[in-house]
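Read the structure below first, then the notes.
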Amino acid sequence: MDAKVEGIALDVTDQSTIDAAAELIEVRYGRLDVLVNNAGISGDPFTTPSAASAGNLREVFDVNVLGVLRVTNAMLPLLRRSTAARIVNMSSGVGSLSFMTDPRHYMSMLPAQAVYPASKTALNSLTVQYAKELREDGILVNAAVPGACDTDFTRPLGMKITRTAEDGAAIALRLATLGPDGP
């Protein structure tokens with residue numbers, strides 16, 4: 001496979017930068033084969049629901065959920081021109097209601113957090129709805145859960161994490177290259 005990968009800077013909270021990126025892709029390539037929505041912020045990971053502010057929740061949802069909506073909708077015309085378009089939304093196990101409530105799962109032991117888990121649960125739901133809508137167009141939409149990887153995002157948590165960013169990216173790559181009968 002002869003693949004070309006190019007990064008394009010955009011701010012998922014700024015529609016004008018998203019539109020400029022879509023226009024650039026249209027001019028250069030005429031289509032988009034893979035969209036990986038990877039932007040994400042945690043807010044304060046140690047804020048409990050009873051101590052959270054609506055502003056903090058809004059800020060995290062603006063990036064982690066609404067940003068995905070903005071970027072995906074702007075890129076859909078380009079994705080529809082591809083013969084095998086794929087959308088991969090980077091999620092987290094903390095977005096799983098099953099994991100967070102199953103007393104046998106280690107994630108149920110995590111302290112209560114107000115915003116990041118809720119944003120990833122909302123992202124998972126949005127991903128399912130896009131998958132249902134776009135399946136008829138041949139666009140496969142999945143959420144990737146890379147697991148905790150040693151990155152600037154996880155280091156403030158003070159946990160020893162041995163998975164690399166490359167380990168996490170491998171999951172997104174697998175979903176981005178699924179065959180037509182993929183999930």
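The values are calculated or read from the model by the stated rules, or taken from the named source; none is laboratory data. Remember, predicted model here, so these are calculated numbers, not experimental data. Note that we place each Cβ from the backbone using ideal geometry, even for glycine, and neighbour counts take in every protein chain shown. Ligands, DNA and RNA are stripped out before the accessible areas are found, and what is left, the full protein with its side chains, is counted by its heavy atoms. Shrake-Rupley method; radii C 1.70, N 1.55, O 1.52, S 1.80 Å.
Quick notes
- Two-decimal log10 I(q)/I(0) for the range 58-149, as the Debye equation yields it once each C-alpha is a single scatterer, q = 0.21, 0.25 Å⁻¹: -1.01, -1.26
- Taking θ as phi - 60° and the Karplus parameters 6.51, -1.76 and 1.60, the scalar couplings of the range 24-40 work out to 4, 5, 4, 5, 6, 10, x, 7, 9, 8, 9, 10, 10, 8, 10, 5, x Hz in sequence order, x denoting glycine and proline.
- Heavy atoms of the protein chains alone define the surface here; on that basis the chain has 58 Å² accessible area per residue at 1.4 Å probe size.
- 5 angstrom amide H check on ARG81, placed H, neighbours 5+ away: LEU32
- Dividing the mean sequence gap of close Cα pairs (under 8 Å, 6+ apart) by how many residues the chain holds gives a relative contact order of 23 percent.
- Rounded tilt (10° steps) of 116-134 against the dominant C-alpha axis of the chain: 30
- Counting only alpha carbon atoms, the long axis of helix 165-176 and the longest principal axis of the chain meet at about 50°.
- Residue order by solvent-accessible surface for VAL60, VAL12 is VAL12, VAL60, largest first, with ligands and nucleic acids left out and a 1.4 Å probe.
- Scanning residues 5 or more positions from ASN37 or on other chains, those with amide H under 5 Å from its amide H are VAL88, ASN89, MET90, with H placed 1.01 Å from N in the peptide plane.
- Rounded accessible area of ARG81 (nearest 10 Å², 1.4 Å probe): 120
- For the range 76-83, Karplus couplings with θ = phi - 60° (6.51, -1.76, 1.60), whole Hz, Gly/Pro x: 4, x, 6, 5, 5, 7, 7, 7
- Listed residues ASN56, ALA39, LEU10: farthest to the positive end of the dipole of the range 1-58 (Cβ charges): ASN56
- Taking amide H as placed 1.01 Å from N in the peptide plane, VAL141 has its amide H under 5 Å from the amide H of ILE87, each at least 5 places away in sequence or on another chain.
- Per-residue ellipticity at 222 nm from helix content only, as computed over the chain with -39500 (n - 2.57) for each DSSP H run of at least four residues, stands at -12000 deg cm²/dmol.
- Separation in nanometres of the label points that stand 7 Å from Cα toward Cβ, at ILE8 and GLU133: 2.0
- For the range 1-155, the dipole from Cβ point charges (+1 on Lys and Arg, -1 on Asp and Glu) about the Cα centre works out to 380 debye, to the nearest 20.
- Across the accessible surface of the range 1-156, with the other protein chains kept in place and a 1.4 Å probe, carbon and sulfur atoms take up 56 percent.
- Rounded to the nearest 10 square angstrom, ASP14 shows an accessible area of 60 square angstrom against a 1.4 Å probe.
- Heavy atoms of LYS120: accessible area, 1.4 Å probe, square angstrom to 10: 10
- Dividing the alpha-carbon radius of gyration of the chain by the rule-of-thumb value 2.2 N^0.38 Å gives 1.06.
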